[in-house]
1. What do you reckon, is residue 149 surrounded by 14 or more Cβ atoms within 10 Å (Cβ to Cβ) and either in contact with a Cys (Cβ under 9 Å, 6 or more places away or on another chain) or at pLDDT below 75 (or both)?
2. Tell me which residues, restricted to the range 30-75, are of a type in the set (Asp, Glu), touching a strand residue (DSSP E or B) at 6+ places or on another chain (Cβ under 8 Å) and either in a strand (DSSP E or B) or surrounded by 14 or more Cβ atoms within 10 Å (Cβ to Cβ) (or both).
3. Could you run through the range 51-61 and say how many residues are under 15 Å from residue 119 (Cα atoms) and touching an Asp or Glu at 6+ places or on another chain (Cβ under 9 Å)?
4. List every residue pair whose Cβ atoms sit under 6 Å apart, with the two residues 6 or more apart in sequence or on different chains, where the first one lies in the range 42-64 and is basic (Lys, Arg) and the second, anywhere, is crowded, with 16+ Cβ neighbours inside 10 Å.
5. Of all the residues that make up the range 59-70, how many are under 8 Å from the mean Cα position of the chain (by Cα) and more than 17 Å from residue 87 (Cα to Cα)?
6. Can you tell me which residue is farthest from the chain's Cα centre (by Cα) among those in the range 92-116 that are assigned to a loop (DSSP other than H, G, I, E, B) and of a type in the set (Ser, Thr, Tyr)?
7. Give the residues of the range 73-91 that are polar (S, T, N, Q) and within 15 Å of the chain's Cα centre (by Cα), sorted by residue number.
8. Among the residues in the range 77-84, are any among the aliphatic types (A, V, I, L, M) and part of a strand (DSSP E or B)?
Amino acid sequence: MDGEGRPPRQLDQRRDPGPHGLHLGDDLRRLVRFDGVRFTVFNTANSEDLPSDRIITLSEGRDGSLWLATEQLELVRSRAGRFTKLAFEQGTPRELVATLLVDSAGTVWVGTTQGVWALRGDRLVPVARETVQGHVWSMVQRRDGTLWVGTMGTGIFRVTSDGRATKLAVDPALQADSISRIYEDADGVLPRSVW
């Protein structure tokens with residue numbers, strides 16, 4: 001994006017428009033907002049509390065908060081024009097954030113290269129580390145409120161709101177335990193993309 005408010009060449013992620021516009025992730029991993037007229041890039045130069053210019057994934061909460069994961073292994077909440085960095089319970093982990101999901105109860109779930117974390121208060125705590133191990137590629141909340149987690153090489157897991165996890169049997173016809181995308185369709189079926 002140039003200084004004229006023109007769009008970036010490529011958009012990697014987007015979140016539906018809210019009262020503050022459409023939030024996007026562009027090809028340079030920057031946070032971009034489109035207000036219906038112009039594009040605005042948020043970076044460390046123009047956003048005092050934003051700890052990084054490199055945003056790798058984003059998700060929007062029910063309250064309008066925007067949740068960002070940075071390339072520097074940080075989770076950031078943007079609310080009412082302010083950016084707040086959230087702490088991992090055991091300090092900054094040595095694992096990359098791969099995916100974020102805010103469920104219908106407002107719980108923020110973070111999928112990393114080593115498992116799942118959940119936001120409790122203002123701290124991220126590990127969830128079911130003895131069960132969900134490995135690189136989390138995708139997460140979806142089912143209609144029954146459970147979180148389903150797709151991983152690279154270790155299969156699919158169901159996680160309940162209290163943090164208990166169960167590994168699910170994968171259809172033998174798939175012959176794969178790497179689940180890159182998982183979603184629930186209108187009939188409640190969970191199609192998934194294996195890799």
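The values are calculated or read from the model by the stated rules, or taken from the named source; none is laboratory data. Keep in mind the model is a prediction, meaning the values are calculated, not measured. Note that each Cβ is placed from the backbone with ideal geometry, even for glycine, and that neighbours are counted across all protein chains shown.
1. Numbers: surrounded by 14 or more Cβ atoms within 10 Å (Cβ to Cβ): yes; either in contact with a Cys (Cβ under 9 Å, 6 or more places away or on another chain) or at pLDDT below 75 (or both): no.
When the stated conditions are applied, residue 149 does not pass them.
2. The answer is 60, 74.
3. So the count comes out to 1.
4. These pairs meet every condition: 54/29; 54/70.
5. Step one: of the range 59-70, the residues under 8 Å from the mean Cα position of the chain (by Cα) are 59, 67-69.
In the following step, the residues that additionally are more than 17 Å from residue 87 (Cα to Cα) were identified as 59.
The number of residues fulfilling the criteria is 1.
6. Within the range 92-116, the subset assigned to a loop (DSSP other than H, G, I, E, B) is 92-96, 103-107, 113-114.
If we keep only those that are of a type in the set (Ser, Thr, Tyr) too, we end up with 92, 104, 107, 113.
Values: 92: 17, 104: 14, 107: 12, 113: 12 Å.
Once the filter is applied, the top-ranked residue is 92.
7. Let us first name the residues in the range 73-91 that are polar (S, T, N, Q), namely 78, 84, 90.
Within the range 73-91, 78 is the sole residue that qualifies.
8. Going residue by residue through the range 77-84, those that are among the aliphatic types (A, V, I, L, M) are 80.
If we keep only those that are part of a strand (DSSP E or B) too, we end up with none.
No.
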